[in-house]
Amino acid sequence: MGRAGALTSAASRSPSVASRLSSHDPVCPLSSVFCPLIWHHLATPTPPGTTLPRYDVFNGDADGLCALQQLRLESPEENELVTGTKRDVRLLGRVPARAGDAITVLDISVDANREALARALAAGATVRWFDHHYAGEPVVAPNFEPHIDTSPEICTSLIVDRFLGGRRRAWAIAAAFGDNLVALATRLAREAGLGEAETAALRALGQSLNYNAYGDSVADLRYDPAALARRLRRYEDPFDFLRAEPVVKELQAGYAEDLANARRTQPTPVSPAARAWFLPQAPWARRVFGAFANALAAEQPAFAHAVLAPRPDGTWSVSLRAPAARPEGCDELARAFPTGGGRKAAAGIDRLPQPDVDRFLGAFGDRYGKP
Ligand SMILES: [Mn+2]
């Protein structure tokens, strides 16, 4: 993220106002009666030629990118971009919010950013928020404009689509595919009069942008989401983007390569019905471990699968899948570890410490002991 814009604008603020007000007399050529008026005018907090910082804070996945794309096609602004990987959901804390700042936040939960939001609002920033994740207690403030909808058949890009009266619908459809709302996205595409090939293209766009966001840090990703946002901005029409830019083709090839790498690892049998897959310490492993677990669950439905990818901090990311024939137990197993959670058929552990790996394998084998 480029910090230059924010630093320049911040430097032009209150300290210089104070110093100029206190030292104007010696240099003012006019009488003391008129000087204060002139200096008041010159010393406003935002001198001509500078603007207060504006920030676009967005999840780096397809939904965050496409939500931003719709908004900025409608109101073009070159704002400071604050983003990250899919798991980087505490983004607002990175914004040094001050009075007069305008902040737009997309596709991250209010609840996960509650303290940073309270700080920004108290500082006098204006915050507009579009999101579909669990939001917790509503935040009410005159300088806060929430557009929150947590119903299951929605994503942030569709909330923005509603806000804009459907004027950038194709981007919202791509995002819905990226957020795995496949049936809904397909229906919207049909209603928009898109053919099969166009619908497939939007699906590829959404899924590729979504895949790009997986990794431990932006360094793991094939494209920095902020750079992607700037590249998307040049195209009003997603089909023009797909024709002109190699991004989606590269991401599709990258995904295939990551998956092929994962398939070269050998499983560790944990019980007759449970297999663990230890991936090596590599960016591709951190990008693909969840998708690999989905592929294994589909291809080997008799087995439970645990895919473990090492994180740079020495812990493991774990993706758990129950046998497709008996889709249960993953949530309980994951929750036995402090950073675990998920659903019955599919769950995960965010950070499994190395000393807990044996205990995890024991519990995994016990839970899925028999075919
Ligand atoms: Mn989303």
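Read-outs throughout are calculated quantities, based only on the coordinates presented, and are distinct from any laboratory measurement. Please read all numbers here as calculations on a predicted model, not as lab measurements. Because the Cβ atoms are built from the backbone with ideal geometry, glycine has one as well, and the counts that use them run over all protein chains shown.
Give me E328, E191 ranked fewest to most by other Cβ atoms within 10 Å of their Cβ, as a rough exposure proxy.
The most exposed by this proxy come first: E191, E328.
I want to make sure I understand the PRE zone here: with the label point 7 angstrom from the Cα of S151 toward its beta carbon, which residues in segment 174-213 have backbone N atoms less than 11 Å away?
Inside the label zone: nothing.
With a/c under 1.5 counting as rounded, go ahead and sort segment 150-198 into rounded, prolate or oblate using the C-alpha gyration tensor (a ≥ b ≥ c being the square roots of the eigenvalues; past the cut-off, prolate if a/b is larger than b/c, else oblate).
It is oblate, given that a/c is not under 1.5 and a/b is not larger than b/c.
Test of understanding: ordering S75, S271 by Cβ neighbours within 10 Å, fewest first, what list do you get?
S75, S271
On a full-extension model of 0.36 nm per residue, what is the gain between A183 and E196, subtracting their alpha-carbon distance, rounded to one decimal in nm?
Between A183 and E196, full extension yields an extra 3.3 nm.
Find, to one decimal place in angstroms, the Kirkwood hydrodynamic radius of segment 292-365, where the mean of 1/r is taken over every pair of different Cα atoms and then inverted.
This gives a value of 12.0 Å.
What angle do you read, to the nearest 10 degrees and between 0 and 90, between the alpha-carbon axis of helix 247-263 and the longest principal axis of the chain?
40 degrees
What's the percent breakdown of Cα-Cα distances in segment 102-252 across 5 Å bins, shortest bin first?
Each 5 Å bin holds this share of Cα pairs: 2, 9, 16, 19, 18, 16, 11, 6, 2, 0.
Can you give the net charge of the other residues whose Cβ lies under 9 Å from the Cβ of L106, counting K and R as +1 and D and E as -1?
Every neighbour counted, the sum reads -4.
Which lysines have a Cα less than 24 Å from the Cα of K249, not counting those fewer than 8 places away in the same chain?
Within the straight-line cut-off, K249 pairs with K86.
Between A256 and A118, take the C-beta separation as r, use R0 = 41 Å, and let me know the FRET efficiency to the nearest 0.05.
After rounding to 0.05, the efficiency reads 0.40.
Antiparallel versus total DSSP beta bridges in the chain: what percent is that, nearest 5?
The antiparallel fraction comes to roughly 45 percent.
Going by how many other beta carbons lie within 10 Å of each one, how would you line up V318, V357, fewest first?
Ascending number of Cβ neighbours within 10 Å: V357, V318.
With labels modelled as points extended 7 Å from the Cα through the Cβ direction, what inter-label distance (nm, one decimal) is found for K249 paired with Q354?
Computed distance between label sites K249 and Q354 equals 4.3 nm.
Helix 169-178 against the longest principal axis of the chain: what's the angle in degrees, Cα atoms only, rounded to the nearest 10?
It is inclined by approximately 40 degrees.
Over all directions, how big on average is the projection of the convex hull of the alpha-carbon atoms in the chain, in square nanometres?
For the Cα atoms of the chain, the hull's average projected area reads 22.7 nm².
What is the sum of charges around A116, taking Lys and Arg as +1, Asp and Glu as -1, for the other residues whose C-beta is under 12 Å from the C-beta of A116?
+2
Under a crude label model (7 Å from the Cα following the beta-carbon direction), how far is S75 from A324 in nanometres?
4.7 nm
Between R128 and R230, what length in nm is gained on full extension when 0.36 nm per residue of separation is reduced by their alpha carbon distance?
Stretched fully, the R128-R230 segment lengthens by 34.6 nm.
So what's the back-of-envelope 222 nm ellipticity for the chain, counting only DSSP H runs of four-plus at -39500 (n - 2.57) apiece and dividing by all residues, rounded to 500?
Theoretical 222 nm ellipticity from helices: -13000 deg cm²/dmol.
Can you give the local net charge around G93? Use residues other than it whose beta-carbon is closer than 13 angstrom to its beta-carbon, Lys and Arg +1, Asp and Glu -1.
That works out to +2.
Using modelled backbone amide H atoms (1.01 Å from N, in-plane), which distant-in-sequence or interchain residues come within less than 5 Å of R351's amide H?
Placed amide hydrogens put T339 under 5 Å from R351.
Rank Y134, I148, G165 by how far each Cα sits towards the positive end of the charge dipole of segment 115-171 (+1 on Lys, Arg Cβ; -1 on Asp, Glu Cβ) and give me just the farthest.
Farthest along the dipole direction, towards plus: G165.
Toward the positive end of the charge dipole of the chain, about the Cα centre and with charges on Cβ (Lys, Arg +1; Asp, Glu -1), which of A112, Q69, A273 goes farthest?
Farthest towards the positive pole: A273.
Return one number: the angle in degrees, 0 to 90 and rounded to the nearest 10, between the long axis of the Cα atoms of helix 283-299 and the longest principal axis of the Cα atoms of the chain.
So the inclination is approximately 40 degrees.
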